[in-house]
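Notes follow the structure.
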Amino acid sequence: MLTSMQGVLLVDKPLGWTSFDVVNYVRKQVAAAAGKKPKHIKVGHTGTLDPLATGLLVLLVGKEYTKRAGAMSKHDKTYEVTIELGATSTTGDNEGVKQVGGSRQPSEREVRAVCHSFVGTYMQTPPVYSAVKVNGQRAYDLARKGKEVALDPRPVTVYDMRDITYVYPHVHFVCDVSSGTYVRSLVEDIGCSLGTGAYMTELRRTRVGRFEVHNAVAVQHEDILTYLLEITADSPIDRVDVSVL
């Protein structure tokens, strides 16, 4: 365990937990170990995961690390994704209200072709239920109040789309994407291109920059703080050696 109680902590976020739930839990663990009140402990993350998503959440513990969150949040990421064709959702995932889409059943060849067509840079509109700010307010807060939300498209990059499997109505794939890419929007765009509609049913993040989920620890591991990684001033935060885990 780091005597300074500061470092990088790779956590495998479980289903149903919010990113804040994880941050708050770790903050309390650090506070208890350091003999301090939780409000005096700084813990942040490098990119949120929705409650219905699982996988890698990179936590930064201590003020020397949280102040470096900006650089870390710009790293590309890898996701395992499962989608359902034939319907859309108000939230883009299982949480929203479903609406039946097109009834056609595309061929496997067509599904693969459409998925691969998104490899590259394209203009993507973030989902209405997202943390994007509109006039100082979160888009999801406005949407929940029933207010109309108009978000501007922005360039995102899909570096790779692989391991595609298809058994109607479900499609599964792995994608490498740039920072700022909304997988829910990518899924909706795929459904639109297929003419069927689509929404995301499962999402797992397996990589953030050079960090991978197989090096992560379960959030409720009894010795979770022993997994804190220390990074020296001359060691870039995205190039830390995690082979010791």
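The values are calculated or read from the model by the stated rules, or taken from the named source; none is laboratory data. Small disclaimer: the values here were computed from a predicted structure and weren't measured. In this analysis, Cβ positions are derived from the backbone assuming ideal geometry, glycine residues included, and neighbour counts consider all displayed protein chains.
Here are a few things to note about the model shown:
- Qualifying residue in the range 70-83 (condition: under 22 Å from V30 (Cβ atoms) and either at pLDDT 90 or above or surrounded by 15 or more Cβ atoms within 10 Å (Cβ to Cβ) (or both)): yes
- Every test in (1) on the phi < 0 side of the Ramachandran plot; (2) touching a residue at least 40 places away in the same chain (Cβ under 8 Å); (3) not assigned by TED's automatic domain parsing to the domain that holds S107 is passed by G70 save one, and that test is (2).
- Residue that is touching a Leu at 6+ places or on another chain (Cβ under 7 Å) and either surrounded by 18 or more Cβ atoms within 10 Å (Cβ to Cβ) or not small (G, A, S) (or both), where the choices are T196, T226: T196
- Residue match in the range 25-43 (condition: surrounded by fewer than 20 Cβ atoms within 10 Å (Cβ to Cβ), closer than 22 Å to R204 by Cβ and not assigned by TED's automatic domain parsing to the domain that holds R184): yes
- The listed residue being in a loop (DSSP other than H, G, I, E, B), aliphatic (A, V, I, L, M) and either in the same structural domain as R144 (by TED's automatic domain parsing) or at pLDDT 95 or above (or both), out of L49, L15, L2, L57: L15
- Some residue of the range 18-40 being part of a strand (DSSP E or B) and modelled with pLDDT of 90 or more: no
- Pair list, Cβ < 7 Å and 6+ apart or interchain, from the range 185-197 residues that are farther than 17 Å from Y129 by Cβ to residues that are of a type in the set (K, R) and surrounded by fewer than 23 Cβ atoms within 10 Å (Cβ to Cβ): G195/R104; T196/R104
- Residues in the range 189-230 that are under 30 Å from R154 (Cβ atoms) and assigned to a loop (DSSP other than H, G, I, E, B) were compared, and the one that is nearest to the chain's Cα centre (by Cα) is G209.
- Taken as a whole, the range 103-123 holds no residue that is surrounded by 15 or more Cβ atoms within 10 Å (Cβ to Cβ), in contact with a Ser or Thr (Cβ under 8 Å, 6 or more places away or on another chain) and small (G, A, S).
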